[in-house]
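Worksheet for the structure shown next.
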Amino acid sequence: MYGLINRAVEDLVRSKFGADAWHRIRTRAGLPDEPFVTMQKYDDKSTYDLVGAASAELGAPAEAILEEFGFFWTVYSANAGYGELLKSVGRTLPEFLGNLDQMHARIKISFPELDPPSFAVFDRTPSSLKLRYYSDRAGLAPLVRGMLRGLGDRFMVDIEMTNHRVEDNGRAHDLFDVSWKERAGAPSRA
Ligand code: HEM
């Protein structure tokens, strides 16, 4: 994945656990003590190794680290120069989720080697939808859970979700059942 992602992992660890924790995690992951270059493509292994090392150092399951990172990412990316792009993706949660592939397609213009996931929304009601998440990478459903929670905050809705792996329907993927309620005091988006 692009250095942008590893850098965000670094920023999350540094801001929550400090520079020493980051140093230990980076060393345990066997990564050199040099800054990640945002626009450089790194082997996916470096990201998985970072998550594994963070899990060991912080004593939390890898799934919890991924989920926390997904949550962090929704705010981080908005502050890392992608705020305007994110605004254009959608004004409501369902609109936003329906446009994720278009969003990554636009990002691919500046990151030509991007290998993005794919999402499909279906069974939409005014307060729920189902989301299929396709990726060539393994084990990242917890990342998507965290991103959905972060998007819930962005759109000021309380989200509930369940997800499970679907292996028997053509291409294997993760299926998310998502429902939401407007938060008390949230501006109407009708
Ligand atoms: C404007 C903000 C965003 C940017 C700049 C961005 C960019 C990226 C980049 C660079 C990668 C790594 C892939 C690679 O390097 O080949 C990635 C992966 C990913 N993105 Fe985004 N993204 C953004 C927002 C989102 C949002 C809001 C979601 C919500 C669901 C999302 C879902 C994912 C997932 C799940 C992956 C992991 C890769 C995989 O599943 O195979 N992204 N994105």
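The values are calculated or read from the model by the stated rules, or taken from the named source; none is laboratory data. If you're wondering where the values come from, they're calculated on a predicted model, not measured in any experiment. Note: ideal-geometry Cβ built from the backbone for every residue, glycine included; neighbour counts use all protein chains shown. We work out accessible area using only protein heavy atoms, side chains counted, and drop any ligands, DNA or RNA first. Shrake-Rupley method; radii C 1.70, N 1.55, O 1.52, S 1.80 Å.
Going residue by residue through segment 52-63, is there one that turns out to be closer than 23 Å to ASN163 by Cα, within 16 Å of the ligand (Cβ to nearest atom) and under 17 Å from the mean Cα position of the chain (by Cα)?
Checking segment 52-63: at least one residue is closer than 23 Å to ASN163 by Cα, within 16 Å of the ligand (Cβ to nearest atom) and under 17 Å from the mean Cα position of the chain (by Cα).
In segment 121-158, what residues are away from the ligand (no atom under 12 Å from the Cβ) and open to solvent by less than 40 Å² (accessible area, probe 1.4 Å)?
Result: SER128, LEU129, VAL157.
Of all residues in segment 100-109, which are within 10 Å of the ligand (Cβ to nearest atom) and either in contact with a Leu (Cβ under 8 Å, 6 or more places away or on another chain) or without any contact (Cβ under 8 Å) to a residue 12 or more places away in the chain (or both)?
The answer is MET103, HIS104, ARG106, ILE107, LYS108.
Please work out if ALA54 is open to solvent by less than 30 Å² (accessible area, probe 1.4 Å) and either touching a helix residue (DSSP H, G or I) at 6+ places or on another chain (Cβ under 7 Å) or touching a residue at least 40 places away in the same chain (Cβ under 8 Å) (or both).
Judged against the criteria, ALA54 is a match.
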